[in-house]
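Data first, discussion second: the structure below is written as structure tokens.
The values are calculated or read from the model by the stated rules, or taken from the named source; none is laboratory data. For clarity, every value in this text was computed on a predicted model and none was experimentally measured. Here the Cβ is made from the backbone with ideal geometry for all residues, glycine too, and neighbour counts use every protein chain on show.
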């Protein structure tokens, strides 16, 4: 399993565009990517323009497949252009038994 949380800040004048792209990409991922376990965007409560996406894939190959889809290539680049700076990805590992 590959799981991570990515945090980002959106430019104030790009927030509406960003949210439109997020909703479109999320719908495509959920409809066409069986290797994706979880794919959900969130608004960060304590940050006016802060957002996060929680992603979980069955394995590394499923994440690579996600990044190779036509819908990812269509929506991700304009989403990145909406960001104020870089996003930060935090990988999450299961706790040992």
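Assorted remarks:
- Residues of the stretch 75-93 that are surrounded by 13 or more Cβ atoms within 10 Å (Cβ to Cβ) and free of Cβ contacts under 8 Å to residues at least 40 places away in the same chain: 80 alone.
- Residue within the stretch 54-74 that is out of contact with any helix residue (DSSP H, G or I) (no Cβ under 9 Å at 6 or more places or on another chain) and closer than 15 Å to residue 18 by Cβ present: no
- Residue under evaluation residue 29, criteria (1) under 18 Å from residue 88 (Cα atoms); (2) in contact (Cβ under 8 Å) with a residue 40 or more places away in the chain; (3) touching a helix residue (DSSP H, G or I) at 6+ places or on another chain (Cβ under 9 Å), criterion not met: (1)
- Some residue of the stretch 33-42 being at pLDDT 95 or above, over 24 Å from residue 92 (Cα atoms) and loosely packed, with under 13 Cβ neighbours inside 10 Å: no
- Evaluating residue 27 against the criteria (1) surrounded by fewer than 17 Cβ atoms within 10 Å (Cβ to Cβ); (2) under 13 Å from residue 87 (Cβ atoms) leaves one unmet condition, (2).
- Selection within the stretch 44-74 - over 11 Å from the mean Cα position of the chain (by Cα), surrounded by 13 or more Cβ atoms within 10 Å (Cβ to Cβ) and without any contact (Cβ under 8 Å) to a residue 60 or more places away in the chain: 44, 47, 49, 50, 57, 58, 65, 69, 71, 74
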